[in-house]
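One structure below.
The values are calculated or read from the model by the stated rules, or taken from the named source; none is laboratory data. Please read these numbers as outputs of a predicted model, since none were measured by experiment. Positions of Cβ are backbone-derived with ideal geometry, glycine not excepted, and every protein chain shown enters the neighbour counts.
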Amino acid sequence: MKTVSRIYTVLMLIFLYAPVAVMVFFSLNSGGSVWVFSGFSLKWYEGLMEDTTMLTALTHTIIIAVLSAVISTVIGTAASVGILSLRKKFTKKVITSVTNIPLMNADIVTGVSLMLLFIFIGRLFSLDESLGFVTVLIAHITFNLPYVILSVMPKLVQTDHNLLDAAMDLGCTKTASFFKVILPSVSTGIFTGFIMAFTLSLDDFVISYFTCGHYQTLPIVIYNMTKKTVSPDVYALSTVIFVIIFVLLILYNVVQNKQDKRRTAI
C-alpha cells in the first residue's frame, strides 16, 4: 500500500510541476524556438529589460497587486473583527454569506457586472474614460476581500478574548490593547491573507480583462501576445513571477513555523 501511495504522490507531483519545469527549461533556451532547445543562455532574461511593453505591464501588475493586497488586508482584518463582534447570529450569518459571494461567484460574472457598474458611473459623471487604474484596483480589492476574511477569521476565533480584558485591566485602552494583544496573535492569518491576495491579484485575467481599459496588466498583455506567437521572453518573465511567488510561500511557511513554535513554548 505504501508503494502505491508513493507512486501516486510522484505522479501527482509530476503532473503539477512538469509544465513549470518545461517553462523554466525553455526560458534558458538560446534559440528563438519554444519547442526546440538550442543551448543554455540568459538572453531572454536580458531581453526583458529592453521590452518596454512587458516592463510597463509588469509594473502595472505589481502596483495593482501590492495596493490591492494591502488595502484588502486592512479592510478584511477590520471586517473580521466587526463580524465577530456582532451579537445577533442571524446578522452575522447574513453578512458572512454576502461577503463570500465574490468568492463563490464566477469570475466572468463578477468582471462583467463590475464593468457595467463602472461604465454606468463613468457616464453618470461624464468621465472621459470609465475604465482604468482605479477600476482595476477596486475590482481586485473586491475579489481579494473574502480570502483575507477567511484567513483572519479563524485566527480571531482561536484567540482568547480574555487577553483583551486583561490588557485593559493593566492600564491599556481598548484600542491599544487591540493593537498590542489581539493583532499580534492573528498576525499569521493577516500575513496569509496578504499573500493570498497578492498572488491572486498577480495572475488575475478574467476580471482585469473587463475592468482594465487602457491600464493593461501582464496577464492581458501575454494573452494578446498568444494570438500571434509566444516568444521565449514570456517564459522568462513567467519564471521570474514563479520564483517570486515561491519565495513568498517559503517566507510564509517560515513565519508560520516560528508562530507555532512560540505557541508550543508558551
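Computed values, structure above
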{"item": "In the stretch 39-86, the residues that are of a type in the set (S, T, N, Q) and more than 14 Å from the chain's Cα centre (by Cα)", "result": "S41, T52, T53, T56, T59, T77, S80, S85"}
{"item": "Conditions (1) crowded, with 19+ Cβ neighbours inside 10 Å; (2) at pLDDT 80 or above; (3) farther than 30 Å from H60 by Cβ: number failed by A139", "result": "(3)"}
{"item": "Residue tally, condition over 21 Å from the mean Cα position of the chain (by Cα) and among the hydroxyl-bearing types (S, T, Y), over the stretch 114-149", "result": "2"}
{"item": "Members of the stretch 89-100 found to be exposed (fewer than 12 other Cβ atoms within 10 Å of the Cβ) and within 22 Å of T135 (Cβ to Cβ), listed by number", "result": "V98"}
{"item": "Filtered residues of the stretch 3-40 (kept if touching a strand residue (DSSP E or B) at 6+ places or on another chain (Cβ under 9 Å), at pLDDT 80 or above and surrounded by 10 or more Cβ atoms within 10 Å (Cβ to Cβ))", "result": "L28, N29"}
{"item": "Residue in the stretch 114-123 that is closer than 17 Å to F205 by Cα and either surrounded by 18 or more Cβ atoms within 10 Å (Cβ to Cβ) or at pLDDT 85 or above (or both) present", "result": "yes"}
{"item": "Test: residue in the stretch 66-84 that is free of Cβ contacts under 8 Å to residues at least 12 places away in the same chain and more than 26 Å from L218 (Cβ to Cβ)", "result": "yes"}
{"item": "F26 being of a type outside the set (G, A, S), assigned to a loop (DSSP other than H, G, I, E, B) and touching a helix residue (DSSP H, G or I) at 6+ places or on another chain (Cβ under 9 Å)", "result": "no"}
{"item": "Candidate set: the stretch 216-248, residues that are in a loop (DSSP other than H, G, I, E, B) and surrounded by fewer than 21 Cβ atoms within 10 Å (Cβ to Cβ); chosen: the one nearest to the chain's Cα centre (by Cα)", "result": "Q216"}
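Residue by residue, here is whether (1) outside any helix (DSSP H, G or I); (2) free of Cβ contacts under 8 Å to residues at least 60 places away in the same chain holds:
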| residue | (1), (2) |
| --- | --- |
| L156 | no, no |
| L164 | no, yes |
| C172 | yes, yes |
| T175 | no, yes |
| T192 | no, no |
| M196 | no, yes |
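Results for (1) touching a strand residue (DSSP E or B) at 6+ places or on another chain (Cβ under 9 Å); (2) surrounded by 19 or more Cβ atoms within 10 Å (Cβ to Cβ); (3) modelled with pLDDT under 85, shown as yes or no for each residue.
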| position | (1), (2), (3) |
| --- | --- |
| F143 | no, yes, no |
| S151 | no, yes, no |
| T159 | no, no, yes |
| N162 | no, no, yes |
| V181 | no, yes, yes |
